[in-house]
Each structure stands twice: as structure tokens, then as C-alpha cells.
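Worksheet for the structure shown next.
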Amino acid sequence: MAVLTPAGRARPRSAGFEMGVWYLIRLSGLALFVLALAHFSITHFVSDPAEQTSAWIFDERWGGLLWRTLDWLMLQMVVFHAFLGMRTVVSDYLKGGWRTATLMVLYLLAFLVFVLGTVAVMSVPGGPVA
Amino acid sequence: MLLRYRGGPGMLAWAFHRIAGVALWAFILLHVLDIWLAAANPGLYDEVLAVYASLPGRMGEALLGAALLYHALNGLRIIALDFWPRLTRYHLQLWYASWVVFFLVGIPGAYLIVAPALGLPGLKG
């Protein structure tokens, strides 16, 4: 049984995996409130898409380790938040074998996004560093 | 579930949150792929970037920004109500306040994103 909360999905009553997911969605959401909104503001208001060529990314934006680290942190938060959120959506609409199969595809996609994003944030033109 | 309207701001807030969330998830798939191209195939990345910087691309980004801003503001409202249930007494005020912030930030934001493609004055002159 779940405890009814007035706003979001009910918080699972017993401590365990589902409780962990419930908190992780909210904590990663808070992190993304700062990281994703800052990211969108920087790429659209501080800079402009027209100037964000590959050369600009590696000379300016990812010229130092700080922004690469922050962007990698954002990637981790996004992978947790977006895919746990999609897990909730899928579980709401699908049941049984279809749910299991769709969730497997979803988790595989999450892994691919994490790997591809990690390779991207650790790369210079020509391929990954080291 | 999404189509069975039960009425009230709570239901609308939930439906918008879900639609925006799924849209943002889909964009993440595209965005990780295009940023991966920046190093893997710089020439192709620059071509994709030109689409982002075009008028249709910028209109898409304004919509993306709207989805992100709504999902962020409503998510904050959910977290506040989940962790401080006594705020529920003011849930309608919180709902209206999130829309005030949405339009106050969103309208100038959308203008600034689209302006360069229309030759209108923006942040870059």
C-alpha cells in the first residue's frame, strides 16, 4: 500500500527499491532544475546556436575540464531522471509481457545513451581522449 | 489514462507534466546523438547545427524550452507539496504562480530564441 501524497505519485510505504526510485526521481529533478535550466540558458541566451560549431565546442565550451565534468554530471542525472520517468509511464500503460519487453528496451536505451554521452563528453575531434 | 479527464488543475498539471516529460526524453536521445557527432564527425555535426539555427529549428527550440520550463516549474511544485504536505492548502496559488513564472520567463525567452532567424533585435544585436 502506498501513502497518498497531495501532488506527485504516492510515496511507496515500505523502504526498498520503489522508495529509492521515488526519492531518486525527486533528487535528480532538483539537480536538473539547476543543471538543465542553466544549460538551456547558456546555449540559447549567453551563447547562440548559430555559433556553436564543432570547433566552438572544443575550443570554448569544452576547452577546460570544469564544463566537461558538469555536463557529465548532468548526463548522469538525465539518464536517471528521464528513464525512471519513462519507466513509470510505461508501467502505467502496459502490463505483463509487453511491459517487461518494453522496459528491457528502455533500459538498453538508457545504457546506450549513458555510454554514447560519456564518450562524447570525453572526446576531442577524432575520438575519445586517451 | 491520459485521455480520461477527471477535471481540475491537478489533472491538467499531471497531463502536461507527462507530455512534456516524454517529449524531453525523446529530445535527450537526439541531443546525445548530435553532441556525440561533434567529435565523431564534425562536418556532419555542423550541418545538423545549421538546422538547429534555422527558423524551424529555433521554433522547435522555443517549444523545447517551453516543455523544459513547464516540467521544471511543475516538478518543483510537486516536490514542494510532497515534502511539505501542509502547503497543499495553497496548491491553487502554487499552480497559478507557476504559470505566472512560465509566461514571464517564457515569452521573452521564446522571442530571444527565434529573433536571430527573423533578423529581429536580440541579445547578439
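The values are calculated or read from the model by the stated rules, or taken from the named source; none is laboratory data. Just so it is clear, the structure is predicted and the values come from calculations on it, not from any experiment. Cβ coordinates were reconstructed from backbone atoms using ideal geometry, including for glycine residues, and neighbour counts include every protein chain displayed. These area figures cover heavy atoms from the full protein model, side chains too; ligands, DNA and RNA do not enter into them. Shrake-Rupley method; radii C 1.70, N 1.55, O 1.52, S 1.80 Å.
Among the candidates A:Phe114, A:Phe83, single out the residue that is within 17 Å of B:Leu30 (Cα to Cα), open to solvent by 60 Å² or more (accessible area, probe 1.4 Å) and in contact with a helix residue (DSSP H, G or I) (Cβ under 6 Å, 6 or more places away or on another chain).
Values: A:Phe83 fails: open to solvent by 60 Å² or more (accessible area, probe 1.4 Å).
The match here is A:Phe114.
Would you mind finding the one in A:Phe17, A:Phe80, A:Phe58 that is within 30 Å of B:Val114 (Cβ to Cβ) and among the aromatic types (Phe, Trp, Tyr)?
Details: A:Phe17 fails: within 30 Å of B:Val114 (Cβ to Cβ); A:Phe80 fails: within 30 Å of B:Val114 (Cβ to Cβ).
Every option except A:Phe58 fails the conditions.
Go through the stretch B:10-20 and count every residue that is open to solvent by less than 60 Å² (accessible area, probe 1.4 Å) and out of contact with any Pro (no Cβ under 9 Å at 6 or more places or on another chain).
6
Open to solvent by 20 Å² or more (accessible area, probe 1.4 Å) and among the aliphatic types (A, V, I, L, M): which single residue out of A:Ala120, A:Ala101 fits that description?
On inspection, the qualifying residue turns out to be A:Ala101.
Evaluate the stretch A:45-63: report whether one residue or more is closer than 30 Å to B:Ile78 by Cβ and either exposed (fewer than 14 other Cβ atoms within 10 Å of the Cβ) or at pLDDT 95 or above (or both). Give the derivation first.
Keep residues of the stretch A:45-63 that are closer than 30 Å to B:Ile78 by Cβ, which gives A:45-46.
Narrowing further to those that are either exposed (fewer than 14 other Cβ atoms within 10 Å of the Cβ) or at pLDDT 95 or above (or both): A:45-46.
The answer is yes; a qualifying residue exists.
Where residues in the stretch A:22-44 are within 22 Å of B:Ser54 (Cα to Cα) and of a type in the set (S, T, N, Q), which of them is most open to solvent (accessible area, probe 1.4 Å)?
So the residue we want is A:Ser41.
Which condition breaks for A:Glu51 when tested against (1) at the interface with chain B (Cβ under 8 Å from one of its Cβ atoms); (2) free of Cβ contacts under 8 Å to residues at least 12 places away in the same chain?
Checking A:Glu51 against (1) at the interface with chain B (Cβ under 8 Å from one of its Cβ atoms); (2) free of Cβ contacts under 8 Å to residues at least 12 places away in the same chain, the one that fails is (1).
Could you give me the residue pairs with C-beta distances under 8 Å whose first residue belongs to the stretch B:74-88 and is touching a residue at least 24 places away in the same chain (Cβ under 8 Å), whose second residue is among the hydroxyl-bearing types (Ser, Thr, Tyr) wherever it lies, and which are 6+ apart or on separate chains?
B:Asn74/B:Ser98; B:Arg77/B:Ser98
Quick one: B:Gly119 ticks every box in (1) among the small types (Gly, Ala, Ser); (2) at positive phi; (3) in contact (Cβ under 8 Å) with a residue 60 or more places away in the chain except a single one, so which number is it?
B:Gly119 satisfies all of (1) among the small types (Gly, Ala, Ser); (2) at positive phi; (3) in contact (Cβ under 8 Å) with a residue 60 or more places away in the chain except (3).
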